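Comments concern the structure below.
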Amino acid sequence: MIEIEASPWRTMVAHAERTYPNECCGAMLGRVVEDKKLVTDAVPLDNAFKGEQAERYELRPEDLLAADRAARDRGLDLIGIFHSHPDCDAYFSETDLKNSCPWYSFVVLSVKNNKFDHANSFLPDIEQTRADTEELIWPKS
Ligand SMILES: [Zn+2]
């Protein structure tokens, strides 16, 4: 289960809506408490994909490393990655699976007509052959 606090959630939704109609991406920082991941911070990152960004995102490895370092400096962990799907549902695509890492949660935000619509979280397996849905809690307001 992954729960996102109000402040990082606002950051994620704002980043997704601002980047529309392109895909956005970013890092989620927080703590793991027993079997629950609590996201307390979100860091918007650049979509570094050189092609059509409406359908794809790419993270720079150095940006992810910097986010990981920032998390550690504050006694937090890098919990996962978020990205948006403009005018598309929050599913985990073949490309998403191919670019995934099994130790992170992947939150996908669906943005329709420039407004946040819904979100899902996914846990890719080690072989990157499938990703199960993970229970996701975000502030409903
Ligand atoms: Zn995607």
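The values are calculated or read from the model by the stated rules, or taken from the named source; none is laboratory data. Just so you know, these numbers come straight off a predicted model, no measurement behind them. Here Cβ is always computed from backbone atoms with ideal geometry, including for glycine, and neighbour counts include all displayed protein chains.
Being touching a residue at least 60 places away in the same chain (Cβ under 8 Å), surrounded by fewer than 18 Cβ atoms within 10 Å (Cβ to Cβ) and either more than 19 Å from VAL32 (Cβ to Cβ) or of a type in the set (D, E, K, R) (or both) is the filter here; which residues of segment 104-140 pass it?
Those that are touching a residue at least 60 places away in the same chain (Cβ under 8 Å), surrounded by fewer than 18 Cβ atoms within 10 Å (Cβ to Cβ) and either more than 19 Å from VAL32 (Cβ to Cβ) or of a type in the set (D, E, K, R) (or both): ASN114, LYS115, GLU134, GLU135, PRO139.
Residues of segment 12-31 being more than 16 Å from the ligand (Cβ to nearest atom) and within 20 Å of SER100 (Cα to Cα), which ones?
LEU29, GLY30 - these are the residues of segment 12-31 that are more than 16 Å from the ligand (Cβ to nearest atom) and within 20 Å of SER100 (Cα to Cα).
Name the residue that is farthest from the ligand (Cβ to nearest atom), counting only residues in segment 73-96 that are surrounded by 13 or more Cβ atoms within 10 Å (Cβ to Cβ) and small (Gly, Ala, Ser).
GLY80
Mind listing whichever residues of segment 52-72 are closer than 25 Å to ASP35 by Cα, of a type in the set (A, V, I, L, M, F, W, C) and either within 16 Å of the ligand (Cβ to nearest atom) or in contact with a strand residue (DSSP E or B) (Cβ under 9 Å, 6 or more places away or on another chain) (or both)?
Matches in segment 52-72: LEU64, ALA67, ALA70, ALA71.
Give me the pairs: first residue in segment 4-22 and more than 23 Å from GLY51 (Cα to Cα), second residue loosely packed, with under 14 Cβ neighbours inside 10 Å, beta-carbon distance under 7 Å, and six or more apart or on different chains, which are they?
Listed by first residue and then by second, the contacts come to ALA6/PRO139; TRP9/PRO139.
Kindly indicate the residue of segment 1-39 that is among the charged types (D, E, K, R) and in contact with a strand residue (DSSP E or B) (Cβ under 8 Å, 6 or more places away or on another chain) and also surrounded by the most Cβ atoms within 10 Å (Cβ to Cβ) among those meeting that condition.
GLU23
Given the conditions (1) within 16 Å of ASP96 (Cβ to Cβ); (2) away from the ligand (no atom under 16 Å from the Cβ); (3) of a type in the set (A, V, I, L, M, F, W, C), and given that VAL43 satisfies all but one, which numbered condition is not satisfied?
Of the numbered conditions (1) within 16 Å of ASP96 (Cβ to Cβ); (2) away from the ligand (no atom under 16 Å from the Cβ); (3) of a type in the set (A, V, I, L, M, F, W, C), the odd one out for VAL43 is (1).
At pLDDT 95 or above and in contact with a His (Cβ under 9 Å, 6 or more places away or on another chain) - does that describe any residue in segment 66-80?
no
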